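The structure under discussion appears below in the form of structure tokens.
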Amino acid sequence: MMPEQWKTQWNNFLPAGEVDLDAVLTFDGTTWQQQVTMNCLNVGFTYHRFPYRFERGRGKLELRNKNLTFQLTALSNTEEMRFIGDFELNGPKTHGWTDIRGDGIRIDERLLRAIPETMQPLARSMHPQGRFNVAMRLWKEAPGEGPMRKRIVLGFQDCFVRYDKFPYPISGVSGTVEVQDDFWVFHDDLRGTNDTGKITCRGQLTPSPEGSELILTFHGDNVRIDEELRDALNPGAQRLWNDMKPRGMLKIDSEVRYRLSDKTLHTTVRAEPIEDTVSIEPTYFPYRMEKLHGTFTLADGRLQMEKLRAEHGRTELSAVGECLVDPNGGWRLRLERVFVDRLAVDRDLLNALPEQLKKATSSLEPTGAFNVRGALTLAGSGVPGRPLSSDWNLTIDCHDNSLRCGIDLRGIFGSVSVAGRSEGGRFESTGELNLDSISYADYQVTEVLGPLWIDNEQVLLGMWADRRKGEQAERHVTGKLYGGTTVADGWIVLGDEPEYAFLATLTNGNLSRFAQEHIAGNNKLSGEILATVDLRGKGRTRNNLQGRGSIQLRNADIYQLPAMVSLLKVLSLRAPDATGFTKSDINFVLQGEHAYLERIDFDGDAVSLQGRGELNLLNDQINLVFRTVVGSDSARLPAVKQLLGGASQQILLLHVDGTLKSPQVRREAFPGVNQVLEQLQAELNSPSPLRLSEGPTRVSPPGRYPLDRN
């Protein structure tokens, strides 16, 4: 029955209910004039642009010709809404304004269904719960085409949200969201909590021809590192989280960018530990690092780590790094500028190492604190139970460290560079020695340089390392000892009872420096040392140590040695240059704690000595026997040597007992046991040949070690 334009407004609001109506209609023959007053007693209505049904509406509407004013109240559920408006009705050119206000409006499914379709997915993705206040103005200032303007202010009270794109639950949400036409502003008074965490939010939804983009920035203080925060990350980041096992409190800044048109999401999360509360204990390396500090930024599957610092007891770690996170669960962590200060190889570290590396490290029994610097990469596949892969390029700085590999190496100063890779439970690493010094027993070798190889089963030094690497020009480990040059090669087969072998030579050693370091008292020794030693053994003590070697002294004033002084006294000789010993040759065999001296030659102008004996390496006890030879043994013609040598040995034998520092010498004139002397003569003239070290195949079962094929 209504005019057409009235029908349009009716359909826009779909009113229903009871009203009191007073109307005066006047027709002047051309147009109608109307004056209508409607008192709403119990009316329901729905605005077509926001299809949210209001019930029990009460109030007054007045229509005077084309001017409509109204003042109503209605209920949304149990909450009252107030509507005030003033419009000039003129079809498409209708203009005017309306204010809508309400307090404590419940967020429910009816409200979510009423949101415009373009905004409804975003609203639902927040999973909102709770209540809010609303103040809305809709207006059109002048007649004309186009939509009405709108301004909406939403004040949230004790709400809950969990955004699908970063599903971290936030409760107790309060604050203001303002809508100006299609532009949304999330004011910085938006705040909420999660356990001890206090979260604030600000942002905006900006329309553009390419599509509206939502930008939200979150800031969190005292955010607890827990499962809820983990579950807000993508599967790859969750897997990394599970592998690292972080604990503690964080300060978090997060930015979410979401384009509504193509549903493109970019999330950036920046986290900083609070004070000394954060720790990690990786499942693949359960070595707890505490007091973790630094800045962690996760964006588009890439985790950047800056100014990373952590502690384990007295051990301190610093680094920078990057971790690539695969959404399917895999990750790759690259740490650079790694510096580990005072790393102790203690029970905590050994228990954390992978089994094969633990076996290798335990076999060497390192002691003391190391510094480590360089770069390290770790990668996880995301498949539970599958071992990590890793590669490294590290320099290990030593300061008074020690190793036990059957022989005790101590006083290690300098650095060792290692580069290698581990995959599938096996590792291989090449390296270079650059040690300032290293000591064995009382012998200190300096400027130690040379190649190194380490894997699950062995440690190779010198030419064995280069051979394993396939180098054509094989090098040796070199060093300085008593002013001379040492050249060495060796290998260690790792295990509960390590097997080892070393071959070393010394050339141009300074006898004077040797005497200053090892012989007490004021002596004037001088001369040159040449030595070779071939050692091999098994186990962690010297009980199974075996070896062979030789020592040669040239241009030496050997008579300054305490033992030589005692011998010269027994021979009733003084010690001028003319009667001293200037040359010596010694061949020896090592077995455990004993050195068997197969041949001892002291050659001098006036008298020479030839002998043999043994030395206890634990207490320096000696048991030697010498025969005297008139003149220099090396300068005689064979016939004279046989005649004079045979005569002199019948005259005098020298027995030396006691210790190296306090030798006791007794002489035996005209010995009567010729058979013993003949045996001594034969052995001295035919010393056992010196055999040099071979590779690990001499002591390794076939097929067990990589060097077998060499």
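Just how large is the dipole of the chain about the Cα centre, in debye to the nearest 20, putting +1 at every Lys and Arg Cβ and -1 at every Asp and Glu Cβ?
With Lys and Arg at +1 and Asp and Glu at -1, about 380 debye.
For the range 1-99, rounded, prolate or oblate, judged on the Cα gyration tensor with a ≥ b ≥ c (square roots of eigenvalues), a/c < 1.5 rounded, else prolate if a/b > b/c?
The shape class here is prolate.
So what is the diffusion coefficient of the range 205-330 in µm² per second by Stokes-Einstein at 10 °C and 1.306 mPa s, using a Kirkwood Rh over Cα pairs?
This corresponds to a translational diffusion coefficient of 101 µm²/s.
With all protein chains present and a 1.4 Å probe, how do Ser261, Ser512, Ser363 order by accessible area, largest first?
Ser261, Ser512, Ser363
Rounded to the nearest 20 debye, what is the charge dipole size of the range 1-72 about its Cα centre when +1 sits on each Lys and Arg Cβ and -1 on each Asp and Glu Cβ?
Charge dipole of the range 1-72: 320 debye, to the nearest 20.
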(message) Restricting to DSSP H runs of at least four residues, report the calculated mean residue ellipticity at 222 nm for the chain, -39500 (n - 2.57) per run over all residues, nearest 500 deg cm²/dmol.
(response) -4000 deg cm²/dmol
(message) Report the gain in length on full extension from Ala375 to Asp164: 0.36 nm times residue separation, minus Cα-Cα distance, nm rounded to one decimal.
(response) 72.2 nm
(message) Compute the helix-to-body angle for 4-13: its Cα long axis versus the longest principal axis of the chain, expressed 0 to 90° and rounded to tens.
(response) 40
(message) So if the hydrodynamic radius of the range 4-52 is defined as the Kirkwood radius over C-alpha pairs, what does Stokes-Einstein give as its diffusion coefficient at 10 °C and 1.306 mPa s, in µm² per second?
(response) 125
(message) Is the C-alpha gyration tensor of the range 423-471 telling us rounded, prolate or oblate? Criteria: a/c under 1.5 is rounded; beyond that, a/b larger than b/c is prolate, otherwise oblate.
(response) prolate
(message) Over all directions, the average projected area of the alpha-carbon convex hull for the range 67-132 comes to how many nm²?
(response) 5.7
(request) Would you mind putting 343-351, 125-133, 113-121, 480-488 in packing order, based on average other-beta-carbon counts within 10 Å, highest first? (result) 480-488, 125-133, 343-351, 113-121
(request) Considering the options Thr659, Leu378, Ile152, tell which one lies farthest towards the positive end of the dipole of the chain, charges being +1 on Lys and Arg and -1 on Asp and Glu at the Cβ, about the Cα centre. (result) Thr659
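Among 369-381, 83-95, how do they line up by average Cβ neighbours within 10 Å per residue, starting with the highest? Let's see the in-between values first.
Details: 369-381: 18.5, 83-95: 15.2.
So the peptides 369-381, 83-95, ranked by packing, come out 369-381, 83-95.
How much of the accessible area of the chain, in percent, comes from carbon and sulfur atoms when a 1.4 Å probe is used?
For the chain, the apolar C and S fraction of the accessible surface comes to 52 percent.
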(request) Mind giving me the nanometre distance, one decimal, between the label points for Ile152 and Lys7, set 7 Å out from Cα along Cα→Cβ? (result) 3.1
(request) Could you compute the FRET efficiency for His187 and Thr31, with r as their C-beta to C-beta distance and R0 at 60 Å, rounded to 0.05? (result) 0.75
(request) Would you rank His187, His266 by solvent-accessible area, highest first, keeping every protein chain in place and using a 1.4 Å probe? (result) His266, His187
(message) Using a 7 Å offset from the Cα along the Cα-to-Cβ direction at both Thr478 and Leu260, what is the distance between the two label points in nm, to one decimal?
(response) 7.5
(message) Given R₀ = 30 Å, what would the calculated FRET efficiency be for Arg404 paired with Glu322, taking r from the Cβ atoms and rounding to 0.05?
(response) 0.20
(request) Treating only the Cβ atoms of Lys and Arg (+1) and Asp and Glu (-1) as charged, compute the dipole magnitude of the range 147-280 about its Cα centre; round to the nearest 20 debye. (result) 200
(request) Quick one: give the max-minus-min coordinate of the C-alpha atoms of the chain along each principal axis, largest first, in Å. (result) 168, 47, 35
(message) Classify the range 187-272 from the C-alpha gyration tensor, please: rounded if a/c falls under 1.5, else prolate or oblate depending on whether a/b exceeds b/c.
(response) oblate
(message) At 1.4 Å probe size, what's the solvent-accessible area of Glu55? Round to the nearest 10 Å².
(response) 90
(message) What percent of all Cα-Cα pairs in the range 380-506 falls into each 5 Å bin, going from 0 up to the bin containing the maximum distance?
(response) 2, 10, 17, 23, 20, 13, 7, 4, 2, 1, 0, 0
(request) Of the listed pairs Lys251/Lys307; Lys93/Lys150; Lys358/Lys538; Lys359/Lys480; Lys165/Lys291; Lys165/Lys198, which have alpha-carbon separations greater than 23 Å here? (result) Lys359/Lys480; Lys165/Lys291
(request) Return one whole number: the accessible area per residue of the chain in Å², for a 1.4 Å probe. (result) 52
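The values are calculated or read from the model by the stated rules, or taken from the named source; none is laboratory data. The shown structure was predicted, so the numbers you read here are calculated from the model rather than taken from an experiment. So basically every Cβ, Gly included, is an ideal-geometry build from the backbone, and we count neighbours across all protein chains shown. To get the accessible areas, we keep the full protein, side chains included, count just its heavy atoms, and leave off ligands, DNA and RNA. Shrake-Rupley method; radii C 1.70, N 1.55, O 1.52, S 1.80 Å.
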